[in-house]
Amino acid sequence: MKILISAAIAALLTTTAFTSAAATVDVTPLPAHITDASGEMIITPATTLVIEAPKDDAERLRRYIDTEWRHFPASAAKNTSRIQLRTVGHIDGVDSPEGYRLSVTPDATIIEATSGAGLFYGLQTLIQLADGTDTITAVDITDSPRFGYRGMMLDISRHYRDKKFILKQIDALARLKINRLHLHLTDAAGWRIEIKRYPRLTEYAAWRPELTWKEWTDGGARYAEATDFNAHGGFLTQDDAREIVRYAADRYITVIPEIEMPSHSEELTATFPEISCTHNPKGEPDVCVGNEQTFEILQNILDEVMDIFPSEYIHIGGDEASKKAWKECDLCHQRMTQEGLKDVDQLQSYLIHRIEQYLNSKGRSLIGWDEIMEGGLAPNATVMSWRGTEGGIKAARSGHQAVMSPGGYCYLDSYQDAPATQPVAISGYLPLQRVYSYDPAPDSLGIDVTRWITGIQGNLWTEYVPTAQHAEYMLWPRMIAIAEIGWTPQALRSWESFRPRALKVADHMQSDGYTVFDLRGEAGNRRQSTRPAEHLAKGKKVTYNVPWWSNYNAAGEATLTDGLRGGWSYGDGRWQGFLHRGDQRVDVTIDLEKPTDITYVGADFMQITGPGVWFPAKVEISVSDDGKNFTTLTTIEHKQKDSTGLSFKEFSWSGTARARYVRYCATSTEGCQFTDEIIIR
């Protein structure tokens, strides 16, 4: 009991000291421990910079300071103020090589760390403390990151982004202590890295006749010769990629390349039709796992990629393989027989295992999206969890490292404000506050699981992001939240503290020429979702004559009469999903418990056709006294039309009727349907 009381008092004192200091220290990500000191240091022309670190780190740090902050003399007369960076063997309270201690007094600023990376991150804190002035308030900071992996993924396949753009984003990532840049280099829409052994990949598969991904998919997803007059696309030369790697390394960022396999590989199989199961020259999504030439080409590509990118991790994708062609492919069947594989999931696992063995033989590690677990996870693989958190948690429970990047919190291609006010996005609604609310490794999982969760990553997919300005707009300020989640202890994070600091960082970025979402002008969530809906059916029993889609349960059988309206995203837990396949549709009966006079029955549906969410084609509303014999109140026919962007439509009846039971049916000829509440007045 005494131990518990002492621990509680210590925690209270620590929190009080931190809160007091945090009020005067404006740093993002928020440091782990801040203690106020007295006075301030004034930087003068005579202030010296002394770096005591291994030669490579010392040169890197001085070069960064000279170009990104200000020039300091290396020596000066005695009694002048100094800024000193030095590596040491140990720092009390710092358990990470990326951690540091920063002490500011009127005479000196000293940053200590056990590595160059730690000195660099301490330097980032110091630059924020100076905030463009010559005055630094005295303070003592002891700081370490919560996670070792703090990343951003940039998709340059769907819409190519050049070296200049990538270097600009690296600058921003460095200031926020992000240490991984994951480049999605290959996908159906374009091959974006030069492979000297296979020049055809960048002569042909890096180009397309249409400018945007949407136009390209609508036009039949064809490729073009680089010499074609209307060719759009591009790629990073190996020299470009090496420069990006060097530039990032100077800022202690590791660049992780992704070469997609076995699926999302149309551009590869269009270039080499012989490694698809069908030999279709247009390109197939899945490579042929039964064909030995597939592995020869993949390994040759990986050899050149590994020569360019020295990262420990090589990302191999592994997501969304249809596996359809494998089921009808003689070579794939032969492979399954030879290897004793019972199904196509295990066939994919065979490819993942084999590629992992090859990467391990070169001293590298495999990382992939959570589908790499299907059919059995490769022994040393790291899982990047995107389809929710379940994949990462499952991997962690089995003793595999996991990086969390669930779509509901980390997919930066979603709308960040009211869709009507925003550029077109693929779907969803992911405002800054929701990103910031995510905890990748909650204590409830237990230490045996959380110790395997190594980090977090924000992902920008670019199907609907055609320009550099649009890409920046989607990244910032949401990547600021990812940065703080990855660095700051969970117990110290609060939205009330973070938002004003995020505004300040965003203002600085804007003044530096970045395109940033205007957080001050944020409209917020759909108005209907902000207050309960009061109506006759609220809380009443709903009978599902046809079940909802299990992928989108919302609140289960309570969803359609719980009084809670949905927001801008069908993934917000309030919209319930229904498929149109087979006999699946919206078909529910509401029991009002007694005969009731009614004048209105209606429901809202959403449409965003990119991910296959459509308005219904037909709605029928009917009533009954006994729940068996129904009288139709109205039948609504609706012509389904493709569209860009998110829209909402009410399908309703108004009039006069009396009934105990109300049946609401909605059918579709396209995609799936989402509705949030059936309102009866």
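Screening Ser398 against (1) in contact (Cβ under 8 Å) with a residue 40 or more places away in the chain; (2) surrounded by fewer than 19 Cβ atoms within 10 Å (Cβ to Cβ); (3) not charged (D, E, K, R) leaves a single unmet condition, (1). Of the listed requirements (1) at pLDDT 95 or above; (2) hydrophobic (A, V, I, L, M, F, W, C); (3) within 24 Å of Tyr429 (Cβ to Cβ), Val613 misses just one: (1). Screening segment 244-280 for residues that are hydroxyl-bearing (Ser, Thr, Tyr) and part of a helix (DSSP H, G or I) and picking the one that is surrounded by the most Cβ atoms within 10 Å (Cβ to Cβ) gives Thr269.
Scanning segment 553-582 for residues that are among the aromatic types (Phe, Trp, Tyr) and either assigned to a loop (DSSP other than H, G, I, E, B) or within 16 Å of Ile679 (Cα to Cα) (or both) yields Trp568, Tyr570, Trp575.
Selection within segment 298-342: residues that are of a type in the set (Ser, Thr, Tyr) and outside any strand (DSSP E or B). The member of this set that is surrounded by the fewest Cβ atoms within 10 Å (Cβ to Cβ) is Thr337.
For Leu85, state whether it is closer than 18 Å to Asp66 by Cα, assigned to a helix (DSSP H, G or I) and in contact with a helix residue (DSSP H, G or I) (Cβ under 9 Å, 6 or more places away or on another chain). Here the answer is no, as Leu85 does not meet what is asked. Looking across segment 406-451, the residues that are assigned to a loop (DSSP other than H, G, I, E, B) and surrounded by fewer than 20 Cβ atoms within 10 Å (Cβ to Cβ) come down to Ala418, Gln422, Pro423, Val424, Ile426, Ser437, Tyr438, Asp439, Pro442, Gly446, Arg451.
Taking every residue in segment 185-210 that is in contact (Cβ under 8 Å) with a residue 12 or more places away in the chain and pairing it with any residue that is among the basic types (Lys, Arg), at least 6 positions away or on another chain, the pairs with Cβ-Cβ distances below 7 Å are Leu185/Arg192; Thr186/Arg192; Asp187/Arg158; Ala189/Arg158; Gly190/Arg208; Ala206/Arg192; Arg208/Arg222; Pro209/Arg222.
Check Lys649, Lys594 and return the single one that is at pLDDT 95 or above and under 33 Å from the mean Cα position of the chain (by Cα). Going through Lys649, Lys594 in turn, the sole match is Lys649. Residues in segment 239-265 that are within 17 Å of Gly151 (Cα to Cα) and among the charged types (D, E, K, R): Asp250, Arg251, Glu258.
Can you say whether Val505 is among the hydrophobic types (A, V, I, L, M, F, W, C) and within 26 Å of Ser427 (Cα to Cα), as far as the supplied structure shows? In short, no. Residues in segment 583-622 that are charged (D, E, K, R) and part of a loop (DSSP other than H, G, I, E, B) were compared, and the one that is farthest from Tyr415 (Cα to Cα) is Asp583. From the list Arg574, Arg565, Arg526, which residue is charged (D, E, K, R), in contact (Cβ under 8 Å) with a residue 60 or more places away in the chain and within 29 Å of Asp625 (Cα to Cα)? That would be Arg565, the only listed residue that is charged (D, E, K, R), in contact (Cβ under 8 Å) with a residue 60 or more places away in the chain and within 29 Å of Asp625 (Cα to Cα).
Okay, residues lined up against (1) loosely packed, with under 15 Cβ neighbours inside 10 Å; (2) in a loop (DSSP other than H, G, I, E, B); (3) among the polar types (S, T, N, Q):
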site	(1), (2), (3)
Gly39	yes, no, no
Pro45	yes, yes, no
Leu49	no, no, no
Asp57	no, no, no
Ile65	no, no, no
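Filtering segment 504-562 to residues that are out of contact with any Phe, Trp or Tyr (no Cβ under 6 Å at 6 or more places or on another chain) and of a type in the set (Lys, Arg) leaves Lys504, Arg520, Arg527, Arg531, Lys538, Lys540, Lys541. When you look at Gly190, is it touching a Lys or Arg at 6+ places or on another chain (Cβ under 8 Å), assigned by TED's automatic domain parsing to the domain that holds Ser157 and crowded, with 24+ Cβ neighbours inside 10 Å, yes or no? For Gly190, the condition - touching a Lys or Arg at 6+ places or on another chain (Cβ under 8 Å), assigned by TED's automatic domain parsing to the domain that holds Ser157 and crowded, with 24+ Cβ neighbours inside 10 Å - is met.
Of the residues making up segment 281-294, just one is in a helix (DSSP H, G or I) and surrounded by 19 or more Cβ atoms within 10 Å (Cβ to Cβ), namely Thr294.
Scanning segment 90-116 for residues being in a loop (DSSP other than H, G, I, E, B) and under 25 Å from Arg150 (Cβ atoms) gives a total of 12.
Taking residues in segment 433-446 that are of a type outside the set (S, T, N, Q), and partners anywhere that are not in a helix (DSSP H, G or I), the pairs with Cβ atoms closer than 7 Å and at least 6 places apart or on different chains are Pro440/Met404; Pro440/Ile453; Pro440/Ile456; Ala441/Ile453. Under the condition of being more than 30 Å from Gly148 (Cβ to Cβ), within 28 Å of the chain's Cα centre (by Cα) and not polar (S, T, N, Q), the residues counted in segment 177-219 number 18. Which of the residues that make up segment 350-379 are more than 23 Å from the chain's Cα centre (by Cα) and at pLDDT below 95? Residues satisfying the conditions are Gly375, Gly376, Ala378, Pro379. Is it the case that segment 307-322 has a residue that's of a type in the set (Val, Ile, Thr) and within 29 Å of Arg478 (Cα to Cα)? Yes, that holds for at least one residue. Among the residues of segment 339-355, which ones are within 12 Å of Phe295 (Cα to Cα) and touching a residue at least 40 places away in the same chain (Cβ under 8 Å)? Correct list: Tyr350, Leu351, Arg354, Ile355.
Among the helices (runs of 4 or more DSSP H) confined to segment 463-543, the ones with at least 1 residues that are farther than 28 Å from Ser96 by Cα are located at 468-475, 495-511. Determine, yes or no, whether Phe648 is under 12 Å from Asp604 (Cα atoms) and not in a strand (DSSP E or B). When the stated conditions are applied, Phe648 does not pass them.
The values are calculated or read from the model by the stated rules, or taken from the named source; none is laboratory data. Because the structure is a prediction, the values reported are computed rather than measured. Cβ: placed from backbone, ideal geometry, glycine included. Neighbour counts: every protein chain shown.
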